[in-house]
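Notes follow the structure.
Derivation of every value follows stated rules applied to the coordinates shown; laboratory data play no part. Just so we're clear, the structure is a prediction, and the values are computed from it rather than from any experiment. FYI the Cβ positions are ideal-geometry reconstructions off the backbone, even for glycines, and counts take in every protein chain you see.
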Amino acid sequence: MTKVFIDGSVGTTGLRIYDRLSNRKDISLMTLSDDKRKDVNERRQMINSSDITFLCLPDDAAIEAVSLCDNGNTKIIDASTAHRTNSDWSYGLPELSQAHRESIITSKRVAVPGCHASGFCAIVYPLIKSGILPSDYPIVSHSVTGYSGAGKSMISTYNDPDRAIGLSSPGQYALGGDHKHQKEMTAICGLAHKPIFNPIIADFYSGMVVSVPLYTSLLKGNYNANKIHSFFEDYYKGEKVINVLPFNEKGMENGFLYANELSGKDNMQILISGNDERILIATRFCNLGKGASGAAIQCMNIIIGLDETTSLVI
């Protein structure tokens, strides 16, 4: 029986993890009452008594939680931004490479990727690693996401019957050119400089599409959309959580790619479309699934040696 503590179990990510794990016979969920869940000494005891602790907390609180752990056997899976570029932590996107997967298995500290970064890295990392995309390519990426990724406050704002009229339309943000996931995107993919990143929040609860458009003339080698599709099919062959959709030069769903198709699920789809000159590579997944809680549970399954899709909704 694996003892699991979720520190921050009342947030959207923590609640989803609890829901996914609550019926498992191989998991013993350790919980604190509402009046004790912010008590440092109670949290310390729970963390050090657990086999695995999930951190579903703001960055500063996640850093504090790690400092409370003095049990060398407790493994921590952190869903915050705090440790994603820390070289002492494993990056929790096992599909990127066998080295990433093996690091998750052996590590006592795993950082769950950010939602935008998950989709971005699933596209860009393989291209950089394989030498197809130069590390100094001027990458532009767009991401459309549901509002649940912004947390309880934003969910409440969107559900307010008297909300501002602008919330009924997509809203681009991080207009100053900086977003907290860019550091992660740059470091994990080995980019020479930060990508231009355009995140957009829209009026649906969960789901997202992250896209990266590319010029074939700036790639290394003779590649068009069809050949890039074959590359990704081969790269992710055999993966259970990430799958590459059949090639369609004009995209899916009658020329559209809808961001909420995988809402509530934990898998990721990759779509490649385009022509001989311009390619669009997109990832579609749920910001609360493969973009957060689903990825965290997948990492836990890998750590304890189970089929990585256990408890996931695929």
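Going by a ≥ b ≥ c, the root eigenvalues of the Cα gyration tensor, does segment 18-164 fall in the rounded group (a/c under 1.5), the prolate group (a/b larger than b/c) or the oblate group? Oblate shape, in that a/c is at least 1.5 and b/c is the bigger or equal ratio. Counting only DSSP H runs of at least 4 residues, each contributing -39500 (n - 2.57), and dividing by the residue count of the chain, the helix-based mean residue ellipticity at 222 nm comes to -8500 deg cm²/dmol. Can you say what percent of the DSSP beta bridges in segment 102-244, counting only those with both residues inside, are antiparallel? Round to 5. In segment 102-244, DSSP labels about 45 percent of beta bridges as antiparallel. Projecting the Cα atoms of A62, L93, A192 onto the dipole axis of the chain, where Lys and Arg carry +1 and Asp and Glu carry -1 at the beta carbon, places L93 farthest toward the positive end. Exceedance of the 20 Å cut-off in Cα-Cα distance is limited, within the set K240/K265; K129/K194; K183/K227, to K183/K227.
Taking a point 7 Å from the Cα of S103 along the Cα-to-Cβ direction, the residues of segment 46-72 with backbone N closer than 20 Å to it are 53-55, 63, 66. Of all DSSP-defined beta bridges confined to segment 233-306, some 70% are antiparallel rather than parallel. If you take every DSSP beta bridge fully contained in the chain, what fraction is antiparallel? Give it as a percent rounded to 5. Here the share of antiparallel DSSP bridges comes out near 45 percent. Averaging the Cα positions of each part gives two centres, and for segment 276-314 and segment 185-200 these lie 20 Å apart. Modelled this way, with points 7 Å down the Cα-to-C-beta line, the labels at V10 and S168 are 3.4 nm from one another. Anisotropy class assigned to segment 1-58 is oblate, per the alpha carbon gyration tensor with a/c at or over the 1.5 cut-off and a/b no larger than b/c. Centre-to-centre separation between the Cα atoms of segment 140-174 and those of segment 47-105: 28 Å. Among the lysines, which have Cα under 16 Å from the Cα of K75 when same-chain residues fewer than 8 positions away are ignored? Within the straight-line cut-off, K75 pairs with K3, K108.
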